[in-house]
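These notes are about the structure you will find just below.
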Amino acid sequence: MSYSIDAAVFGKRLQLLYDDWKTSPSWNGATALAIVTGQPTEEIRYYTSSSLHLWLLGYEFTDTILVLTKTELHALAGSKKTDLLGPLAPAAEAAGVKLVLHTKPRKEDGAAQMQSLLDALKGSGEVGTVTVGTLPKEKPTGATAEAWLARLLQADLATVDASAGLAHAMAVKDEDEVKNVKKAAFLASGVLTQFMVKEIEGVIDNEEKVRHSKIAEKTEDTILNPSKINIKLKADAIDVAYPPILQSGGTYDPKLSAGSNDDTLSYDVILCQVGARYASYCATVGRTLFVNPTPRQEAEYAALRAAHAAAIAALVEGAPLSAAHAAAVAALDERGQGALVEALGKNVGTGIGLDLRDGSCALTATAAGQVRAGTTFHVAVAATGLRQPAPDGEECAEQTYAILLADTVVVRGGGQSPEVATIAASKDWEEVAYFLNDDEEEEEAEGEGGSGGKGGGRTLQPLDPQDLAGRRSQRTEQVDFRLRDEERRRQQENQEALLDRVNQATLNMLTKQGDGAGGGGRAGRKVSDIVAYASAAEMATNGTLTVQTDTRKECILVPIYGVMVPFHVLTVKNATLNQDGDHAFIRVTFNYGGAYEPTAKFPGAAFLKELTFRSSDPRHAAKVVQEIKTMRSMVLQRDKEHAERATLVAQERLIRGKARVYSLPDLWMRPAFGGKGRKAAGELQAHANGFRYTSGRGEEVDVMYRNIKHAFFQPAQNEMITLVHFHLIHPIMVGKKKTMDVQFYTEVMDSVQTLEAGRRSAHDPDEIEDEQRERERRNQINHQFSQFVKRVQTNIWEREFPDLNLEFEVPFRELGFDGVPARTTCFIMPTVNCLVELTEMPFTVITLAEVNVVNLERVGFNLRNFDLVIIWKDLDRDVGRIDAIQSKALDTIKDWLTSVDIKYYESKVNLNWKNILKSIKEDPEGFIHSGGWSFLDTSQTDSEEEAEEESEFSPTEGEEESDDDDSSEDESLVDSDEDEEGSDFDEEEEEGMDWDELEKEAAREDKAHHHSEDEDDERPRKRKGEGGAAAGSKRGRH
């Protein structure tokens, strides 16, 4: 393995070292420095000498002596090390220092060369004025180190401790160092939340007996192998900062050197600390978990959390180091927890970086010095020796516990608030408190203390074994309820914000000031000119380090090393979701390459290719991926609308592909070619600039790529066909018909079933074999179509036509619903850009970018169906309708409409949209001034009968002909008056005669009254009309 030292970094940091040496009082008057490193050891140790080597050189040089004077840097090391140091001479000279190398012969201790180093120390000043700065607390081992320490002692030179000065010089970190600290913090917080806490939860849920040391060993292994929790960092740069610490049961020590004992995990108060290193830079995080906490513990935790936040907030540039401790104490006093001040340690944190604990930056009450930008701190507020008194009347012992909160913090310049690098580890009470008893048991056990476990931890009530598999903790239920409530609140806010947008879109269209009013050609906005946020203050996040979307700014926010980083959606190429057990992986692929516009503008820039995130919430991951896809497609669609396309253009001629031509055989087309004779299957080929379909009779249809508005791929699942469908920009001729939609499909199973096959038994071997054969055929055809779609998308559209932003959309079946878009009931499904029904003709393709408002009509608790009315941005178009949608799909449709930023309203009756749109177009400004589309938000106060009389909706022909009992709800509400009258008759004839009695009664009346011939002719006709039901007669029982 070859090594190299970054000369630029070496020169820059050497200059910083000498500048600090000249100005800082931390050096104790040292006029020269002598730093020695010994042999390496297996144990984790933090020496200032090692940190200096890592800071200057990037590597720790063992058996090496560095002597620094005001003008020279002497280095004594082996030949390989001096060969690496030789190229650094120019960089050292640029810093005003001469680099002098002394090569130690192999297998010698370098005693012969040490005299030159001593002479350099003695010559660094006048006799009696030389003071050598050393590191007396370090005890390096090895022949070279021991020989040097002996020679230095014999030289009779004055020495002082220079560790504080070196720490002061290395405390301020540059951008690369801060990144390494953040990466270490990202790893530490990820291991804590995604592994250690979950491991503890599993032990508690299953009531297992596991030692602290066992969980700590597993946690350490996860730090060294972060791919287990889907954290991707360079494996050779990762190490543990200290063995993970897990404590419970009454024995607590918050020091980072405490370690984990072999006691069994107790279900009471649990302290967790995890430290990681990345590129030798440290970060640490600590949290306290509570199992069945008392109100007193909750109050103490809240106070310490406030103190911890106050200490962090005090770490601003220019503030005294002592301010952090003072702020923590003041926060405890303010919350009435002054007793906790005595339980605090001497400091509330130390510096952290190459050294795990930099004592020169300790945050004590008497700390001298100021906070400097670029400094990183380990802020830890810990209260130990706390006691939970035993309840009155109980003989159990007091419960001893401790509370700890620790984070890695980066100080920012310009007076900005410090950045918490380990923010991914939540400190919310809902995240750290666990309530495992049932409600009744909690009432019985309120105020009781437990004595189980040798640490005096609280005894938990046993869990019902039948509930272990499916039981969720109260904490999880609280979090889920809060998230659901938050999601509903955001949807409501989103709908309210959409009103101004749709009103403005309506006004723009009507006053010819919209996007379609001028010619802009095909050129859309340039990606390189887009600014996601003008400043970090504009970023709107939910406070968690999760992948999020900001539809208002058209951005996605992703956590990178503990920081939320925004990317405009136009930089995203694709977002995919993969599930692995209980976890999901979100993969975001970005645009890059020669065809990407910013590449030409910034040829020297490095472009991010992809990011992958692991989520423990598959539902959240699926939702985020859908939102990214939807937002990206909507923005691309909108930008495409901004680029004018000629309304009528002649179709370009097809250019046949010269290389490999992708094809799909045995396809049928809809609409079909005209003419008589048996229809024959054909073949679809993807050429250089378009598709060509050739039927078995030689007929051809060309579909140009530039004439495709939307492309769809729908694999067969519940349908009998697999299809690709193209919705066009300009219509084309198929035979003698003009069409905007062309579809190519293959049947995956026979649509006709013989009568004999219908009588087969479910256990018939032939039937089972047929089903298996059909299943294999369906999978084979779906795979064949999928491969064709993928190749066209990747190798043709993305490579040759990136400006078109074409992609095959696959319908979201889980969001589908049944409705009547045209003549019959169909299954309608959303895609990224559209709402489609592609199985039944006529096809339904609704472009979401053309939708202004959606009105959900006939929505009521007593109705099983409702209608969906689409008001277009172009008000000259008649409204679109999807009728007879089942009411159970209402919530799904409303959630989907909110996710795609479409404003919707609900009404109890159908509206006369022809008159409404006419009035809007006559006075658009008056319409906007009166509130715009908000008139649809009025509640229906009239009675059902009045609302039905005002409705001008009339049933379609298909509804009038329907004989189903359920179809009455799908018919016009105008018919309800007749229904009500009929119901009155029903009540009157509730006790009427049956048919035989009516016959006899009619005969008696005929004889008694001697009806005329006309009346005699009329009577049988009436009886014939009454033959369907006795309720139609007005005769009653006398």
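The values are calculated or read from the model by the stated rules, or taken from the named source; none is laboratory data. Everything numeric in this text was worked out from a predicted model, so none of it was measured. Counting neighbours? That spans all protein chains shown, and the Cβs are built from the backbone with ideal geometry, glycine included. Quick note on the areas: whole protein, heavy atoms, side chains included, nothing else; ligands and nucleic acids left out. Shrake-Rupley method; radii C 1.70, N 1.55, O 1.52, S 1.80 Å.
Okay, here's what the table says:
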quantity	calculated
Label-point separation in nm, Asp236 to Asp83, each point 7 Å along Cα→Cβ	1.8
Karplus-derived 3J(HN,Hα), 6.51/-1.76/1.60, for each residue of the range 106-123, Hz, glycine and proline x	5, 6, 10, 8, x, 4, 5, 8, 5, 4, 5, 5, 5, 5, 5, 5, 5, x
Shape of the range 1-101, Cα gyration tensor, a/c cut at 1.5	oblate
Net lengthening on full extension, Phe590/Ala650 (0.36 nm per residue, minus Cα-Cα)	18.1 nm
Gained length - Ala302 relative to Lys198, 0.36 nm times residue gap less alpha-carbon distance	35.1 nm
Fully extended contour minus Cα-Cα distance, from Gln115 to Arg823, at 0.36 nm per residue	244.7 nm
Unit charges at the beta carbon, dipole of the range 542-627: most positive-side option, Gly604, Gly562, Pro618	Gly604
For Ile828, residues with placed amide H under 5 Å, excluding near neighbours	Phe817, Asp818, Gly819
Cα gyration tensor shape of the range 70-153, rounded if a/c is under 1.5, else prolate or oblate by comparing a/b with b/c	oblate
Filtered trypsin sites (Lys or Arg not before Pro), the range 77-186: DSSP coil and at most 14 other beta carbons within 10 Å	Arg106, Lys107, Lys137
Three-way shape label, the range 7-170, alpha-carbon gyration tensor, a/c 1.5	rounded
Signed unit charges on C-beta, dipole axis of the range 175-434, positive-most listed residue Ala365, Gly345, Gly202	Ala365
Amide H partners (placed H, <5 Å) of Gly78, local residues excluded	Lys104
Scaled radius of gyration (Cα, divided by 2.2 N^0.38 Å) that the range 812-939 gives	1.05
Accessible surface of the range 812-939, 1.4 Å probe, proportion on carbon and sulfur as whole %	49
FRET efficiency, 1/(1 + (r/R0)^6) with R0 60 Å, evaluated for Val531 and Glu60 via beta carbons	0.90
Whole-Hz ³J(HN,Hα) from phi, Karplus 6.51 cos²θ - 1.76 cosθ + 1.60, for the range 261-272, glycine and proline x	8, 9, 5, 6, 4, 9, 8, 9, 9, 10, 9, 10
Per-residue HN-Hα couplings for the range 6-21 [Karplus 6.51, -1.76, 1.60; θ = phi - 60°; Hz; x = Gly/Pro]	6, 5, 5, 5, 4, x, 5, 6, 5, 5, 4, 4, 5, 5, 5, 4
Label-point separation, Ile44 to Lys888 (7 Å along Cα→Cβ), nm	5.5
Those GluC sites (Glu not before Pro) in the range 769-871 that DSSP places in a loop and that have at most 16 other beta carbons within 10 Å	Glu840
Per residue accessible area in Å² of the range 7-170, where ligands, DNA and RNA are left out and the probe is 1.4 Å	46
Relative contact order %, the range 116-211, counting alpha carbon pairs below 8 Å whose residues are six or more apart	24
Positive minus negative residues near Phe827 (Lys, Arg vs Asp, Glu; Cβ under 10 Å)	-3
Members of Lys526/Lys873; Lys573/Lys903; Lys427/Lys609; Lys183/Lys526; Lys12/Lys80; Lys709/Lys921 lying beyond 31 Å, as alpha-carbon distances in this model show	Lys427/Lys609; Lys183/Lys526
Calculated SAXS-style log₁₀ I(q)/I(0) at q = 0.12, 0.14, 0.22, 0.27 Å⁻¹ - the range 542-627, Debye, Cα scatterers	-0.39, -0.52, -1.10, -1.42
Percent carbon-and-sulfur accessible area, the range 175-434, ignoring ligands, DNA and RNA, probe 1.4 Å	46
